[in-house]
Amino acid sequence: MNLLFTAFVAVFMIAIVKQLLETNVFLRRLRDAHPRQYEKLGRPRWNIQFGDTRFREAVKYIRAKAFADLDDPELMRSYRAIRRADYAAIVSGAGAVLVTLAELLRHGA
């Protein structure tokens, strides 16, 4: 069970990193190919600053698929990769929780 839990956690971590990297690819493509839209979003970039909402708003823009009218296959490819990474993170996170619950039940928590 420990190996299964470790595998789920590893997949979860890889999926999160993949999602962040693909989001950066998306934002670079938006910056380079669609500068007007990039400016409209406030020139977002990935950073960890709680007061800066540009990245969070850019993620909402991506998740809402608001870029679809740009008709850009590269943005769509990045969007699909982000969604796949999201699903992988959700499934692997749920798997880790289920393994933990199974262990608790098995050992009579």
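Taken as a whole, the structure leaves Tyr61 outside the set of residues that are farther than 20 Å from Ala85 by Cα and among the hydroxyl-bearing types (Ser, Thr, Tyr). Here Ala33 fulfils each of the conditions (1) in contact (Cβ under 8 Å) with a residue 40 or more places away in the chain; (2) within 24 Å of Ala89 (Cα to Cα) apart from (2).
For Leu30, the conditions (1) part of a helix (DSSP H, G or I); (2) more than 30 Å from Arg106 (Cβ to Cβ); (3) out of contact with any Phe, Trp or Tyr (no Cβ under 6 Å at 6 or more places or on another chain) are fulfilled apart from (3). Just a yes or no: is a residue in segment 43-55 assigned to a helix (DSSP H, G or I) and more than 23 Å from Ala94 (Cβ to Cβ)? Looking through segment 43-55, at least one residue is assigned to a helix (DSSP H, G or I) and more than 23 Å from Ala94 (Cβ to Cβ).
A single entry from Ala7, Ala64, Ala33 fulfils the requirement of being under 30 Å from Glu103 (Cα atoms) and out of contact with any Lys or Arg (no Cβ under 9 Å at 6 or more places or on another chain): Ala7. If only residues of segment 56-75 that are in a helix (DSSP H, G or I) and farther than 12 Å from Leu30 by Cβ are counted, the one that is modelled with the lowest pLDDT is Arg56.
Filtering segment 42-71 to residues that are over 16 Å from Leu20 (Cβ atoms) and among the hydrophobic types (A, V, I, L, M, F, W, C) leaves Phe50, Ala64, Ala66, Phe67, Ala68, Leu70. The single condition among (1) loosely packed, with under 14 Cβ neighbours inside 10 Å; (2) within 19 Å of the chain's Cα centre (by Cα); (3) part of a helix (DSSP H, G or I) that Leu98 does not meet is (2).
Taken over segment 40-73, the criterion of being within 21 Å of Ala15 (Cβ to Cβ) and charged (D, E, K, R) is satisfied by Arg56, Lys60, Arg63, Lys65. Yes or no: Asp72 in contact with a Leu (Cβ under 9 Å, 6 or more places away or on another chain) and in contact (Cβ under 8 Å) with a residue 40 or more places away in the chain? Answer is yes for this residue.
The values are calculated or read from the model by the stated rules, or taken from the named source; none is laboratory data. In this text the structure is predicted, and so the values were computed from the model without any measurement. Backbone-built Cβ (ideal geometry, glycine too); neighbour counts: all protein chains shown.
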